[in-house]
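Asker: Have a look at the structure that comes next, please.
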Amino acid sequence: MLKPSDGKPSYSSLLPIYPLLAQQCVDDYGLDSGICLDIGTGNGYVGTEIAKITHMDVYFIDIEAEAIDFARRTVTQTDIDNEVFFVEADVCTKLPFAGNFADFIISRGSIWFWEDKVKGLAEIYRVLKVGGIALVGSGLGRYVPFTMRARLAGGHKNMLHKQGRKRLTLEEMKTLALEAGIPSFKVMLDAPGDKGRWIEIHKYV
């Protein structure tokens, strides 16, 4: 997965998107309390912003020890009082949680780097609670203004290209979710015509 220092495009320029993405998740899914997993956390910004506006316990999870260290520093620089945990683990093998563990799971920007995307999605579904929601993919979120979206979109594409990765199409993401045995999900764009792509996973039984 992506290390914090691994060529993210002008990473400081992305900082404004994280509060907006966190607020979108709170608004869309009614987040308030429970357990949140931030998988492929990188610098820890998504989980930190969710913690700022909810009472959720947040687990920052990444395969890279360097990323976990960075996420820990990010959290210590904030004024949150949520319970937080830092876990070095690979979603593509096995997450160190029992089934039906998390109320909400978010993974932004890491799926492109998973060695076994089907296994990773299956693991996310396994640890998701009945009634829970997971959001997996990459994008800036719906709340990002158009001018900011246009300014940032090209940099992310160039970063993937330099690392020999490519964006998955919505059809490819749908196929992965079906192969992972996920019975209830939808694939979607951030906005019509946008490059951001997500799988929204629901667990009903």
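The values are calculated or read from the model by the stated rules, or taken from the named source; none is laboratory data. Since the structure is predicted, the reported quantities are computational estimates derived from the model, not experimental observations. Neighbour counts are summed over all protein chains in view; Cβ atoms, including those assigned to glycine, are modelled from backbone coordinates with ideal geometry.
Asker: Quickly run through segment 13-41 and pick out the residues that are more than 12 Å from V87 (Cα to Cα), in contact (Cβ under 8 Å) with a residue 60 or more places away in the chain and not hydroxyl-bearing (S, T, Y).
Answerer: L14, P16, I17, L20, L21, Q23, Q24, C25, L31, G34, I35, C36
Asker: Take the residues of segment 175-190 that are crowded, with 16+ Cβ neighbours inside 10 Å and not in a strand (DSSP E or B): which is modelled with the lowest pLDDT?
Answerer: Ranking the candidates gives D190 first.
Asker: Going by the conditions given, is E123 touching a residue at least 24 places away in the same chain (Cβ under 8 Å), over 16 Å from the mean Cα position of the chain (by Cα) and within 29 Å of V205 (Cβ to Cβ)?
Answerer: no
Asker: I'd like to check something: does segment 78-98 contain any residue that is touching a residue at least 60 places away in the same chain (Cβ under 8 Å) and touching a Gly at 6+ places or on another chain (Cβ under 6 Å)?
Answerer: Within segment 78-98 (the criterion being touching a residue at least 60 places away in the same chain (Cβ under 8 Å) and touching a Gly at 6+ places or on another chain (Cβ under 6 Å)), the answer is no, since none of the residues qualifies.
Asker: Here is a further query. Looking at the structure I just gave you, is A102 in contact with a helix residue (DSSP H, G or I) (Cβ under 8 Å, 6 or more places away or on another chain), surrounded by 21 or more Cβ atoms within 10 Å (Cβ to Cβ) and under 23 Å from Y204 (Cβ atoms)?
Answerer: When the stated conditions are applied, A102 passes them.
Asker: If a residue must be under 24 Å from I124 (Cα atoms) and either aromatic (F, W, Y) or out of contact with any strand residue (DSSP E or B) (no Cβ under 8 Å at 6 or more places or on another chain) (or both), how many such residues does segment 61-73 contain?
Answerer: Qualifying residue count, segment 61-73: 4.
Asker: Would you confirm, using the coordinates I've provided, whether E171 is among the charged types (D, E, K, R), surrounded by fewer than 12 Cβ atoms within 10 Å (Cβ to Cβ) and modelled with pLDDT of 95 or more?
Answerer: yes
Matching residues to (1) among the polar types (S, T, N, Q); (2) more than 22 Å from D27 (Cβ to Cβ):
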position	(1), (2)
A67	no, yes
Q77	yes, yes
D90	no, yes
G109	no, no
K117	no, yes
Y125	no, yes
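Asker: Here is a follow-up. Restricting to segment 79-94, name every residue that is part of a loop (DSSP other than H, G, I, E, B) and touching a Lys or Arg at 6+ places or on another chain (Cβ under 7 Å).
Answerer: I80, C92
Asker: Hey, another quick one. Would segment 136-158 turn up any residue that is closer than 29 Å to P96 by Cα, out of contact with any helix residue (DSSP H, G or I) (no Cβ under 6 Å at 6 or more places or on another chain), loosely packed, with under 13 Cβ neighbours inside 10 Å and at pLDDT 95 or above?
Answerer: No: zero hits.
Asker: Which members of segment 112-135 meet the condition of being assigned to a loop (DSSP other than H, G, I, E, B) and in contact with a helix residue (DSSP H, G or I) (Cβ under 6 Å, 6 or more places away or on another chain)?
Answerer: The one that is assigned to a loop (DSSP other than H, G, I, E, B) and in contact with a helix residue (DSSP H, G or I) (Cβ under 6 Å, 6 or more places away or on another chain): W114.
Asker: If you don't mind, another one. Can you pull out the residues in segment 30-51 that are at negative phi and surrounded by fewer than 16 Cβ atoms within 10 Å (Cβ to Cβ)?
Answerer: Across segment 30-51, the qualifying residues are D32, S33.
Asker: Mind checking which residues of segment 57-71 are crowded, with 23+ Cβ neighbours inside 10 Å and touching a Leu at 6+ places or on another chain (Cβ under 9 Å)?
Answerer: Matches in segment 57-71: V58, Y59, F60, I61, D62, A67.
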